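Throughout, read-outs are computed from the coordinates displayed, never taken from laboratory work. Only a predicted model underlies this, so the values are computations on that prediction, with no experimental measurement involved. Methodologically, a virtual Cβ is constructed for each residue, glycine included, from the backbone with ideal geometry; neighbour enumeration extends over all protein chains shown.
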Amino acid sequence: MTNYRVAVIGGTGPQGKGLGYRFAKGGHDVVLGSRAAEKAEAVADEVRARLGEEAGTVTGAANADAVAQCDVVLLAVPYDGHDELVASLPLAGKTVISCVNPLAFDKRGAHGRVVNGGEGSAAESAQELAPEATVVGAFHNVSAVGLWAEDEFLDEDVIVVGDVVEAKQVAMELAASVTGNLGIDGGKLRLARQLEPFTAVLISINRKYKVHAGIRVTGLDAAH
């Protein structure tokens with residue numbers, strides 16, 4: 001399996017830090033990105049302190065510098081401000097993995113936000129804003145709490161959507177660092193419209209049952 005060098009944009013937030021930790025634990029090299037390089041470097045120190053000797057490298061940098069150092073870019077940022085940030089990054093020629101969930105919260109709980117009149121998603125927006133990059137959607141539904149825990153692997157599946165098979169394969173291989181299994185090819189990029197807001201369902205389940213629920217796809221053999 002290929003070892004990747006991954007820029008994690010939003011790498012100082014819970015999701016980005018957790019995924020960066022898991023990728024590095026799986027032997028990949030990680031550059032955590034933040035608006036402030038100093039903050040990214042401090043979180044990189046925190047991640048390195050949890051890793052064993054066989055892990056990949058973890059460093060911190062300002063967002064644009066992190067992207068410039070890597071061929072693979074993970075977007076793990078809040079949806080608010082997403083478009084402006086993506087448009088500012090040098091993403092041409094990169095494989096971009098979006099795990100951004102456009103969610104809103106009210107007194108009834110979490111729910112999905114409508115993107116582009118119901119005919120869009122954060123991942124599709126990223127592709128439109130960075131047409132010379134190849135965007136896939138993945139890691140939408142993994143718990144930040146579970147990612148940062150020191151358990152061996154998360155007991156769930158990562159569903160990957162995208163329009164380019166080779167780019168989906170990158171995300172599917174990275175998923176093995178999180179779950180111990182390759183990610184599952186879930187179809188075209190437009191299906192991010194279903195994956196992104198489904199996270200609101202998991203949040204509701206977690207709140208109800210006091211757990212950190214994930215998704216498991218049945219009926220597939222272990223090798224997919």
Rel. contact order, % - alpha carbon contacts under 8 angstrom, at least six apart, the chain = 18 percent
Listed pairs Lys25/Lys168; Lys17/Lys168; Lys17/Lys107 exceeding 27 Å between Cα atoms = Lys17/Lys107
key: Under 20 Å from the Ile205 label point (7 Å along Cα→beta-carbon), backbone N, the stretch 131-154   = 138-149, 151-154
remark   = Using alpha carbon centers only, the stretch 163-224 is separated from the stretch 1-68 by a whole-angstrom value of 21 Å
task = Pick out, in residue order, every one of the trypsin sites (Lys or Arg not before Pro) in the stretch 1-88 that is DSSP loop and has at most 15 other C-beta atoms within 10 Å; say none if there are none.
result = Arg35, Arg50
request  = Using a cut-off of under 12 Å, list every residue of the stretch 152-177 whose amide N is near the label point 7 Å from the Cα of Phe198 along the Cα-to-beta-carbon line.
outcome  = 157-161
ask   = Per residue of the chain, what 222 nm ellipticity follows from adding -39500 (n - 2.57) for every DSSP H run with n ≥ 4, rounded to the nearest 500?
value = -11000 deg cm²/dmol
ask   = What is the order of Tyr21, Tyr209, fewest Cβ neighbours within 10 Å to most?
value = Tyr209, Tyr21
query = For Val178, Val135, Val114, what ranking results if the residue with the fewest other Cβ atoms within 10 Å of its Cβ goes first?
reply = Val114, Val178, Val135
ask   = So for Leu174, Leu51, Leu147, Leu220, fewest C-beta neighbours within 10 Å to most, what's the order?
value = Leu220, Leu51, Leu147, Leu174
request  = Once you've got the GNM for the chain with C-alpha springs shorter than 10 Å, pick whichever of His111, His28, His140 has the biggest mean-square fluctuation.
outcome  = His111
key: Residue with peak Gaussian network fluctuation, the chain [Cα springs, cutoff 10 Å], from Phe198, Phe105, Phe23   = Phe105
remark   = Which of (1) 16.1, 48; (2) 21.4, 77; (3) 18.5, 57 gives Rg and Dmax of the Cα atoms in Å as computed here? It is (1)
request  = Restrict the search to the stretch 92-170; then list the trypsin sites (Lys or Arg not before Pro) that DSSP places in a loop and that have at most 11 other Cβ atoms within 10 Å of their Cβ.
outcome  = Lys107, Arg108
